[in-house]
Amino acid sequence: MQYVSTRGGMAPSNFSDVLLEGLAPDGGLVVPVDIPTVDAETIESWRELTYPQLATEVIGLYWTDIPRADLAQLCQAAYGDQFNADDVVPLTPIDQMTALVDLSQGPTLAFKDMAMQFLGEALPYVLKQRDQTLNILGATSGDTGSAAEYAFRSKPNIGVFMLSPKGRMSQFQRAQMYTLTDDNIHNIVIDGVFDDAQNLVKELNGDLDFKAKHSLGTVNSINLGRLIAQSVYYFWAWLRVTTGIPADQREGFGVSFAVPSGNFGNVFSGQLARQMGLPIDTLVLATNENNVLDEFFRSGKYEPRSAANTLATSSPSMDISKASNLERFIYLVLGQDADALAQAWEQLDSSGTLDLSEHQPRFQQEFGMVSGTSTHQDRVATIRATYEKSKVVIDPHTADGVTVARGYQKPNQPMLVLETAKPEKFTDIVNEALGFEPELLPEYAKLLELEQHTVQLGTEAQALREYIALHHV
């Protein structure tokens, strides 16, 4: 398998190379030259596999420059005892045709662990093979940061520099990240919003001399390794939900997925699975009030908002107005034409708008993608209604997914909502909806009492460069 940039300026590379690179050197995103496909017989042959075994099969279609036995060991370590559920990803029904795909059984109680625990094994493996070091530079709106830090804490040859927006994360999210004391973990609080932090990551990754000198890489959702690891649970969920269907009716049985989305990574993983041949009928993208993506999928016009116009909401991990992974989808829409994509991005940079309205009908017809917006009132009502009906407490981002999914439910077709985090991370809105706070386990409650360790910086890239130059591994 070979990988190139969406913008055409990167020589074909193997998976190990792009795992370390993150952002392509021309400023584009890494994509496979050809997305691998699997037939119905192959998917059916995976039905009895454990989650680590399934991950080995799916990821192995992309990571072809590693011995299969080594990959199997990495996947076994990535999806082991650090997950609270024996089968790693349980499905939790909330009504007759709707179930949650419970992706929050990992150490930081968020779906980001599903990919990050894999990278926490895969990156040290590649670095050891090549006798290299890596300094991970990332931005988080809530859960990516803690998932990365818990995956890489005290790992050899790796430093983590994680940017987070000041005052824009929940109390528990801050405690999870900022109380870590590992020498290779650096929590940098940016006086701005998530998009400011993400722009800093992109600027430093675009400075090729600085990037090379300090061995910068990324594990944000722009890292293709994360998206491929996330595509595994789409296969897993489809296999679980179709187990109750007669074997002769399973082939091509359509299932829809609703995906809360801010940076477009999680839902693009579903698009990858669909392109590979998984029978996904519809991918329902759910946004909060920062609904730039919903507007794009409804109109074909993409108009990112400024930091000042990015709202602080009660589903804060989705408070994003410039979705980094959308470029990969647009690359598919434009027929994998790097020149057309470069022109599109020049248009966006010069005018602030990208007009793909002529392609908009294809979003659903060809790619199975639809979208919707959820508000604070929707979240509160959905958390309450879900609990009253099923006694399941959901977090606000998952509530956005459930809310938008309701508008696209089809008769006799399962709707699987990707759960994004445990409700314990967002006690204020749960209390507003239900009149009580979900109780933290004692080991998590202790985090709220520990001293927090951060570095405060503005939105200027030079200060960040100086800090990394002093502390890189």
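The values are calculated or read from the model by the stated rules, or taken from the named source; none is laboratory data. Everything quoted here is computed from the prediction, not taken from an experiment. When we count neighbours, we look across all protein chains shown, and the Cβ atoms used for this are built from the backbone with ideal geometry, even at glycine. To get the accessible areas, we keep the full protein, side chains included, count just its heavy atoms, and leave off ligands, DNA and RNA. Shrake-Rupley method; radii C 1.70, N 1.55, O 1.52, S 1.80 Å.
Which chymotrypsin sites (Phe, Trp or Tyr not before Pro) does segment 393-444 hold that lie in a coil by DSSP with at most 16 other beta carbons within 10 Å?
F436
Which lysines, on any chain, are close to K425 with Cα under 27 Å apart, when same-chain ones fewer than 8 places away are left out?
The reachable lysines, counting only those whose Cα sits under 27 Å from K425, are K112, K155, K166, K322, K389, K391, K446.
For segment 77-188, what relative contact order do you get, as a whole percent, if you take Cα pairs closer than 8 Å and at least 6 residues apart?
Normalised by residue count, the contact order of segment 77-188 is 21 percent.
Rank-order 125-132, 107-114 by packing density, defined as the average count of other C-beta atoms within 10 Å over each peptide's residues, highest first.
107-114, 125-132
Express in whole angstrom the spacing between the alpha-carbon centres of segment 303-350 and segment 206-267.
18
Heads up, I need the accessible area for E388: 1.4 angstrom probe, whole protein in place, Å², nearest 10.
Counting only protein heavy atoms, E388 exposes about 120 Å² to solvent.
Note down the relative contact order for the chain as a percent, whole number, built from C-alpha pairs under 8 angstrom at least six residues apart.
Taking the mean separation of contacting Cα pairs over the length of the chain, I get 20 percent.
Could you give the size of the charge dipole of the chain about its Cα centre, using +1 on the Cβ of each K and R and -1 on the Cβ of each D and E, expressed in debye and rounded to the nearest 20?
220
For the ranges 146-155, 197-206, 82-91, what's the packing order if you count other beta-carbon atoms within 10 Å of each residue, average per peptide, and put the highest first?
146-155, 197-206, 82-91
Please give the contour-minus-distance gain from T64 to T42: 0.36 nm per residue of separation, less the Cα-Cα distance, rounded to one decimal in nm.
Here the segment from T64 to T42 would lengthen by 6.1 nm.
What list of ³J(HN,Hα) couplings, whole Hz, do you get for segment 248-253 from phi and the Karplus terms 6.51, -1.76, 1.60, once you set θ to phi - 60° and write x for glycine and proline?
6, 10, 6, 4, x, 5
Which helices pass in the chain if a helix is a full DSSP H run, must span at least 24 angstrom along its long axis by Cα, and must have mean Kyte-Doolittle hydropathy not below -0.5?
112-130, 224-241
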